[in-house]
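Read through the structure below, which is laid out as structure tokens, and then see the notes.
The values are calculated or read from the model by the stated rules, or taken from the named source; none is laboratory data. All values derive from a computational prediction rather than experimental measurement. All Cβ positions, even for glycine, are placed from backbone atoms using ideal geometry, and neighbour counts span all protein chains on display. Note: accessible area is taken over every heavy atom of the protein model, side chains too, but ligands, DNA and RNA are not part of it. Shrake-Rupley method; radii C 1.70, N 1.55, O 1.52, S 1.80 Å.
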Amino acid sequence: MMMASVEEPEVQFAQRLASNEKPLRRKALKKLRSYIGARSRSQTGFSEEELLKLWKGLFYCLWMQDKPLLQEELSTQISGLVHHFHSFSAQLLYLQTFLTTVKREWTGIDRLRMDKYFQLVRFMFRQMFEVLQRSEWEPSCVRLFLELLASALLQTGAPPVGLQLHVLDLYLRELAVVGAQELSAAQNLVFIEPFCKAAAKTKDRSLFRAICSGIFSTIIDQAPFAIQELMDELQQDTDSGQASDDSGAEEPERQSKGTRDAKKKASKRVNGLKAHSEEEDEGDEDNEEDEEDDCLSDSDKPLDEDVGPVLQFDYGAVADKLLELSSRHNTPSRNRQRLYKIIKVLRDLSQGSFPQDEYPEEVSTDEDDDDFGSRKRMKRRHTEEEEQAGARREESQREEDKKGGAFITKFKTKQ
């Protein structure tokens with residue numbers, strides 16, 4: 001029995017991490033960092049079974065932690081352990097065993113503890129994106145990560161629905177936090193390709209709606225902010241070209257070259273929204289309004305505080321990918337109809353048009369689109385009825401005023 005305990009240190013770690021005593025849990029987590037670093041350097045490394053044992057202890061280590069700030073700190077430490085592995089395959093196995101553990105334990109998490117596990121899932125994906133960032137977004141590493149994501153979370157009936165929805169909600173946000181300044185539109189398309197494939201072939205309505213809401217709706221909703229960010233970058237590049245006006249006579253050539261390079265860079269990142277940048281170049285007639293905007297302080301300018309970093313997409317390429325996948329014979333007809341509506345909106349975006357008013361109705365993912373449309377019509381009808389009622393009240397008030405005026409005139413005449 002002593003030999004067995006020595007041969008299985010993962011079991012000892014799991015027991016101490018799940019201890020009722022906080023100092024013992026903290027000490028075990030500190031030792032685990034060193035153990036992972038030393039063990040991952042060895043030729044044997046970790047097996048899937050060993051990491052599952054460690055994750056059992058880490059899961060209940062967070063279970064025992066109370067107070068939100070301490071929970072956040074612990075989630076940061078647990079997710080940060082991925083950086084102590086010395087190979088990408090081991091780091092990916094750490095994520096895989098984490099997802100296996102969370103899927104197994106998900107139904108046993110009560111509502112009072114659910115928030116801290118939501119947070120842990122978010123931090124784990126953020127740390128994995130940082131791992132990919134440190135690899136300089138190596139295509140082979142990205143491919144392996146996306147294969148794991150598809151097999152673990154996008155298979156019908158495989159993961160708990162709540163976990164699926166949460167990952168779909170956080171995916172683009174966390175990717176933007178880590179890679180918005182580095183990833184090109186082509187790379188971003190690769191990161192959403194598993195969701196495009198799942199949307200085209202799944203028969204699970206809840207999964208399809210979640211993909212449309214968490215991925216495609218997010219891309220479309222953030223399009224104006226992505227374009228604005230790109231135009232700001234273009235303006236900065238143009239200003240930097242103009243800032244060297246005092247350097248010499250050859251400056252006009254440099255300035256035009258710097259402007260052309262900036263436009264080329266913007267065109268490369270926006271990929272399909274050239275019409276919008278051309279409209280910006282023709283906006284000289286609005287110089288007075290621009291000068292007024294420049295005079296405003298940052299606090300006076302209208303900003304959406306909820307929008308953080310946004311990813312750049314080639315909307316035409318995304319539409320082409322969805323069209324290719326949704327045109328296959330194994331795509332359910334219901335999915336195909338909704339994807340075609342999304343494709344239409346993406347085509348409009350690629351031409352520089354922002355159909356924001358029409359989007360909620362055009363790309364509705366409700367089970368019954370007729371009900372969604374009828375709710376909108378009912379709201380419009382209710383507004384019209386209120387306006388008519390207000391007009392009737394005004395008309396009746398005018399009639400009463402006329403009657404009152406006639407009565408006063410008649411009374412004065414009698415006197």
**Report entry** Environment charge of K201, counting only residues whose C-beta is closer than 11 Å and scoring Lys/Arg +1, Asp/Glu -1
**Finding:** +3
Query raised in the report: Between S353 and Q388, 0.36 nm times their residue separation minus their Cα-Cα distance comes to what?
Result: 9.1 nm
Query raised in the report: Sorted by accessible area (1.4 Å probe), largest first, how do E48, E130 line up?
Result: E48, E130
Query raised in the report: How much accessible surface area, in Å² rounded to 10, belongs to the heavy atoms of T44 with a 1.4 Å probe?
Result: 110
Query - Given charges at Cβ of Lys, Arg, Asp, Glu: region 49-125 dipole, positive-most of Q96, L69, M114 - result: M114
**Report entry** Inter-label distance for A180 and V161, nm, one decimal - labels placed 7 Å from Cα along Cα-to-Cβ
**Finding:** 3.2
Query raised in the report: Just by accessible area at a 1.4 angstrom probe, what is the order of R134, R334, R205 from largest to smallest?
Result: R134, R205, R334
Query raised in the report: Quick one: what do you get for region 1-143 if you divide its Cα Rg by 2.2 N^0.38 Å?
Result: 1.04
Query raised in the report: How much accessible surface does I342 have with a 1.4 Å probe, in Å² rounded to 10?
Result: 0
Query raised in the report: How many nm separate the modelled label positions at R336 and F225, each set 7 Å beyond the Cα in the direction of the Cβ?
Result: 3.5
Query raised in the report: Under Stokes-Einstein, with the Kirkwood radius over Cα pairs standing in for Rh, what whole-number D in µm²/s applies to region 44-98 at 20 °C and 1.002 mPa s?
Result: 180
**Report entry** Cβ-derived FRET efficiency at R0 51 Å, D320 paired with W106, nearest 0.05
**Finding:** 0.90
Query raised in the report: Normalised by the number of residues in region 66-132, what is the relative contact order in percent for Cα pairs under 8 Å and 6+ residues apart?
Result: 56
Query - Rounded accessible area of C141 (nearest 10 Å², 1.4 Å probe) - result: 20
Query raised in the report: Can you put S350, S135 in order of accessible area, largest first, using a 1.4 Å probe?
Result: S135, S350
